[in-house]
Each structure stands twice: as C-alpha cells, then as structure tokens.
Amino acid sequence: MNNPPYLNGKTMKKCIQYTRVSTTKQQATSLGLDAQEHAIKAFSEMNGYEIVAKYEDVDSGGKDDRPALMEALALAKLQNIPVMVSKLCRLSR
C-alpha cells in the first residue's frame, strides 16, 4: 500500500496542472509552457499540493474545443480536486 505524500508532516492535497499556449511565439514568453509549469509547481509546493496529473493545450483560448482542458475538468470533478493554472488568461479570453 502506498503512503500519501507528506509536506512538513502534513498530507499533501492533490491538484491538476493545466497549461496552454495559443501560438509558438508565446512559448518564449512568460506565457510559455515551461514558465507556466514552473509557476504552478512553485505555488503547489509552497501551498502543500501534489500535482497528480498534467494537461496542456496548444490552441487559442477563444476556442471552445480544448480537449486537454475538458479532460482536466472531468478529472477534477471526479476526484473533487482543483485545476491549477499560472494565470486566469490560460483558461479563456
């Protein structure tokens, strides 16, 4: 049986990471996938969250068809855990 992860003696909460870029140009900015992942990881570690799943879309935020976001939201609902994003603009426009 696996023991749950701990941070300073406390059981870590679970979360899902979601990242999105709409253009290849964004990849080199603070909105790039690596920068988003770093920000989410730092926030999660500081606040006692364990990232249990990662999803990413490379598509415009104005589109409704974002398969990775739909999968992340479905898992979040199923497990009753939050989806973490680095900035709200990564969810929609």
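The values are calculated or read from the model by the stated rules, or taken from the named source; none is laboratory data. Since we're looking at a predicted model, the values are computed, not measured. FYI the Cβ positions are ideal-geometry reconstructions off the backbone, even for glycines, and counts take in every protein chain you see. All accessible areas refer to the heavy atoms of the entire protein, side chains included, with ligands and DNA or RNA removed. Shrake-Rupley method; radii C 1.70, N 1.55, O 1.52, S 1.80 Å.
Of the residues in segment 13-58, how many are modelled with pLDDT under 85 and either within 8 Å of the chain's Cα centre (by Cα) or buried (at least 16 other Cβ atoms within 10 Å of the Cβ) (or both)?
3
Applying the selection to segment 59-81, what residues are in a loop (DSSP other than H, G, I, E, B), over 13 Å from SER22 (Cβ atoms) and either open to solvent by less than 50 Å² (accessible area, probe 1.4 Å) or among the small types (Gly, Ala, Ser) (or both)?
Across segment 59-81, the qualifying residue is only ILE81.
Taking segment 42-93 only, how many residues are free of Cβ contacts under 8 Å to residues at least 12 places away in the same chain and of a type in the set (Lys, Arg)?
2
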